[in-house]
Ligand code: SAH
């Protein structure tokens, strides 16, 4: 049993069941035993791999899209380049390298990272030493100004609540105890004003998820972009309008029971892009696109060919596999989606037209 499982069992035995969001928050960010608090989970030796860890092309494409948005907005002289949940700092490093290709962009940027994990902050400090980033606990702490923002696989780590529709209302999914072990249960049914709009498209037996932490973050991004200019690129797995149980645990690159190893497995849930887009007003939201389509529109195939010309043997094979993995519909190409927020008065970043 993990140390966090023991702590949760004691807590639930004393005070009763907890909601899924509370469970997820404890698992991911418990100050002593949390998953992100205690480790760097990325890469082959870790639990999962993300797009920037697969190939530099991901960050290069997104970096040039942000640079074009900056040019389209009149190349402001001082802008905030921010990333939410920057992992190992790989995406930011690739973005900064590609930014150098656009005269003036790199010099206009100050780099800001919103990161909860002390272990990953140390990793980012090593990767991004030349960029002299500033770390923040919360998005609200970023300096005001034109905001160019990246978030890849950040929103999927924010705790969700799950509600099962019942004939008499909604029952919230909870984590309680059965025979002394963690087990899912349901609260008593109650009507919920916050889910009234989901009565039309669900039936008894359906589950819907909400992510209470996501909307305030999207709202803060939208407020800043509408007030000062800028653009946000959000990439994550998920869809438009949440439906069904999407909570999952991954450890050692394999799915496992969500309750099996609290604090030792990554927990994520699909991102509801519709909820992000609604919350980001007064900034304008683009349509949601798949990661594969976005990267193709941003020229990943030309970039892949240019890089391939310098490679041979196993390096070439793994480069070709990485291109496929990022873009192909059977791999990350369709399950991952992207959306952008930009000011009403400026064109959307390239790739989102
Ligand atoms: N974007 C990176 C890492 C994705 S993993 C990549 O694509 O490789 C999720 C990241 O979000 C990690 O850096 C994790 O520590 C961070 N994170 C998770 N919850 C967070 C929170 N509530 N506040 C800030 N950072 C968080």
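Which one of 191, 262, 76 has the biggest mean-square fluctuation once the chain is modelled by GNM with Cα springs under 10 Å? Checking each option, the largest mean-square fluctuation is seen for 191.
Put in line by how crowded their Cβ is, counting other Cβ atoms within 10 Å and starting with the fewest, 271, 208 read 208, 271.
Restricting the calculation to alpha carbons of the range 88-176 gives Rg and Dmax of 18.6, 61 angstrom.
A simple spin-label model places pseudo-atoms 7 Å from Cα toward Cβ; at residue 241 and residue 136 they are separated by 3.4 nm. Taking the C-alpha atoms only, the angle from helix 3-15 to the longest principal axis of the chain is near 50 degrees. Using a Gaussian network model of the chain with C-alpha springs under 10 Å, which one of 196, 99, 122 is most mobile by mean-square fluctuation? Residue with maximal mean-square fluctuation among 196, 99, 122: 196. Computed over the chain, relative contact order equals 21 percent, with contacts defined as Cα pairs under 8 Å that lie 6+ residues apart.
Once you sort the root eigenvalues of the Cα gyration tensor of the chain as a ≥ b ≥ c, which label holds: rounded (a/c under 1.5), prolate (a/b larger than b/c) or oblate (the other case)? Prolate, because a/c is 1.5 or more and a/b exceeds b/c. Assuming R0 = 35 Å, what is the FRET efficiency of residue 202 and residue 15, from their Cβ-Cβ distance, to the nearest 0.05? The value I calculate is 0.70.
DSSP beta bridges confined to the chain are antiparallel in about 60 percent of cases.
For the range 1-85, the calculated P(r) over all alpha carbon pairs, in 5 Å bins from 0 to the bin holding the longest distance, is 3, 10, 14, 15, 11, 11, 10, 10, 7, 5, 4, 1 percent. As a length-normalised measure over Cα pairs under 8 Å and 6 or more apart, the relative contact order of the range 35-132 settles at 36 percent. Name the shape class, rounded, prolate or oblate, that the alpha-carbon gyration tensor gives for the range 190-301, where a ≥ b ≥ c are the square roots of its eigenvalues, rounded holds for a/c under 1.5, and otherwise prolate holds if a/b is larger than b/c and oblate otherwise. Here the range 190-301 falls in the oblate category. Highest mobility in the GNM of the chain, judged by mean-square fluctuation with C-alpha springs under 10 Å and restricted to 59, 43, 16, is found for 16. Principal-axis analysis of the Cα atoms of the chain puts helix 90-99 at an angle of about 30° to the longest axis. Against the main long axis of the alpha-carbon atoms of the chain, helix 214-228 sits at an angle near 30°.
Were the residues from residue 106 through residue 328 laid out at 0.36 nm apart, the gain over their Cα-Cα distance would be 76.8 nm.
The mean sequence separation of alpha-carbon pairs under 8 Å and at least six residues apart, normalised by the residue count of the range 264-353, gives a relative contact order of 43 percent. Each residue in 90, 268 was given a count of other beta-carbon atoms within 10 angstrom of its own, and listing them fewest first yields 268, 90.
Each label point was placed 7 Å from the Cα along the Cα-to-Cβ direction; for residue 168 and residue 250 their separation is 4.0 nm. If one computes the Cα centroid of the range 236-312 and of the range 142-176, what distance in Å separates the two points? One Cα centre to the other: 14 Å. Listed from fewest to most Cβ neighbours within 10 Å, the set 136, 30 follows the order 136, 30.
Each reported figure results from applying straightforward, stated rules to the coordinates on display, with no laboratory input. Source: prediction; values computed, not measured. We place every Cβ from the backbone using ideal geometry, glycine too, and count neighbours over all the protein chains shown.
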